[in-house]
Structure formats: structure tokens, C-alpha cells
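Structure first, commentary second.
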Amino acid sequence: MDGLSHFNKEGRAKMVDVGSKAETERKAIAVGKIVMKKETLENIVKQNITKGDVLSVAQVAGIMGAKETSRLIPMCHNLFLTGVDIHFSIDYDNNAVLVQGEVETHGKTGVEMEALSAVSIATLTIYDMCKAIDKDMVIEDIKLIEKTGGKSGTYRRKE
């Protein structure tokens with residue numbers, strides 16, 4: 001268990017002590033997508049889903065997901081988020097909604113999990129709002145694209 005900071009001497013899970021870490025500006029960007037039938041995508045774009053404006057609801061849900069991360073993932077610290085934004089783009093060629101989540105803080109630990117949670121909850125919300133007409137939707141490729149700040153510095157996914 002050497003080198004794994006989320007385990008105590010007995011090998012049991014613990015929350016890492018970040019008290020001595022320096023506060024820095026931190027940002028994380030995550031992406032993901034939800035693939036669906038062409039008709040489902042058209043209904044989302046035309047706002048013809050009976051539950052309402054799918055992307056507006058998913059926007060708010062993604063922000064809420066970022067804010068609730070520490071309640072959902074046991075070893076995540078409760079963070080003061082200074083900003084959360086969700087961006088959507090429509091991929092007509094692949095019948096998909098692409099989701100990007102950006103999360104920022106000024107603190108002692110990063111916001112990667114919050115960005116990943118934001119994207120996850122936004123895509124799950126799209127699924128929930130459209131499942132009555134398309135149960136075959138698939139959520140895919142949720143991943144961290146970039147993170148800045150902290151001791152480890154900047155990370156950018158190479159693709």
C-alpha cells in the first residue's frame with residue numbers, strides 16, 4: 001500500500017489530509033457524450049421532449065453534480081467551488097450530445113472529480129429526460145481532458 005495516499009497504516013480507507021498543502025487556483029475540464037437515435041437528438045434540439053428543455057435541465061443538473069461530489073464519492077473533500085460551467089455541442093454525424101464540464105476553485109486540492117461528476121450527472125439527466133422515447137442511449141467516453149494548479153501542475157490529455 002506504499003504510495004497510495006488513501007489508505008492508513010492498517011490498509012483501510014482514509015481521507016487524505018490536505019491541511020498543509022498550499023492554496024492555488026485550480027481548474028479541471030472533463031468531457032463525455034451521450035449517443036442516441038437520430039429522432040431523439042432532433043427532439044432535443046427542437047425542444048420537443050415532454051419533460052421540458054433537456055439541455056437547460058442537464059445544465060443545472062451538471063452544476064449540482066459538481067457541487068455534490070463530496071457527498072457521493074467517499075474520499076473527496078468538500079470544496080468551495082468558485083465556478084462551474086457546462087457546455088453542450090450537437091454531433092449530428094454521430095447522433096450525440098457532447099458535454100464539457102469546467103470546474104474552478106482556489107484551494108488545497110483539485111477539482112478533477114467535480115468536473116467528471118458534472119459531466120456524468122449532465123449526461124445521466126439527458127438519459128432520464130429522454131428514456132421514454134429512447135432506452136438505447138449510451139453514455140460514453142467520460143474523461144478528464146485538463147487540470148491545472150496544485151503541486152503536480154498542469155495535465156493535458158494527449159489524443
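The values are calculated or read from the model by the stated rules, or taken from the named source; none is laboratory data. What you see is a predicted model; the values in this text were computed from it and never measured. No Cβ is skipped: glycine too gets one built from the backbone with ideal geometry, and neighbour counts run over all protein chains shown.
Only one of the listed residues (146, 112) is out of contact with any helix residue (DSSP H, G or I) (no Cβ under 7 Å at 6 or more places or on another chain), under 29 Å from residue 41 (Cα atoms), surrounded by 20 or more Cβ atoms within 10 Å (Cβ to Cβ) and not hydroxyl-bearing (Ser, Thr, Tyr). That residue is 112.
Scanning region 131-145 for residues that are closer than 14 Å to residue 117 by Cα and among the hydrophobic types (A, V, I, L, M, F, W, C) returns 139, 142, 144, 145.
Does region 12-30 include one or more residues that are closer than 21 Å to residue 127 by Cα and in a loop (DSSP other than H, G, I, E, B)? Spell out the reasoning first.
Just the residues of region 12-30 that are closer than 21 Å to residue 127 by Cα, to begin with: 30.
Those left that are additionally in a loop (DSSP other than H, G, I, E, B): none.
Within region 12-30, not a single residue is closer than 21 Å to residue 127 by Cα and in a loop (DSSP other than H, G, I, E, B).
Within region 79-94, is there a residue that is in contact with a Cys (Cβ under 7 Å, 6 or more places away or on another chain), of a type outside the set (Lys, Arg) and touching a residue at least 24 places away in the same chain (Cβ under 8 Å)? Within region 79-94, not a single residue is in contact with a Cys (Cβ under 7 Å, 6 or more places away or on another chain), of a type outside the set (Lys, Arg) and touching a residue at least 24 places away in the same chain (Cβ under 8 Å). Examine region 38-60 for a residue that is closer than 28 Å to residue 148 by Cα, without any contact (Cβ under 8 Å) to a residue 24 or more places away in the chain, part of a helix (DSSP H, G or I) and touching a His at 6+ places or on another chain (Cβ under 9 Å), and state whether such a residue exists. No, region 38-60 contains no residue that is closer than 28 Å to residue 148 by Cα, without any contact (Cβ under 8 Å) to a residue 24 or more places away in the chain, part of a helix (DSSP H, G or I) and touching a His at 6+ places or on another chain (Cβ under 9 Å). Against the conditions (1) crowded, with 24+ Cβ neighbours inside 10 Å; (2) more than 17 Å from residue 67 (Cβ to Cβ), residue 117 satisfies every one except (2). Of the candidates 139, 126, the single residue that is at pLDDT 95 or above, within 16 Å of residue 86 (Cβ to Cβ) and outside any helix (DSSP H, G or I) is 139.
Can you confirm whether residue 55 is surrounded by 15 or more Cβ atoms within 10 Å (Cβ to Cβ), modelled with pLDDT of 95 or more and closer than 17 Å to residue 131 by Cβ? Can you show your working first?
Working: surrounded by 15 or more Cβ atoms within 10 Å (Cβ to Cβ): yes; modelled with pLDDT of 95 or more: yes; closer than 17 Å to residue 131 by Cβ: yes.
For residue 55, the condition - surrounded by 15 or more Cβ atoms within 10 Å (Cβ to Cβ), modelled with pLDDT of 95 or more and closer than 17 Å to residue 131 by Cβ - is met.
Summed over region 39-84, residues that are closer than 13 Å to residue 110 by Cα and hydroxyl-bearing (Ser, Thr, Tyr) total 3.
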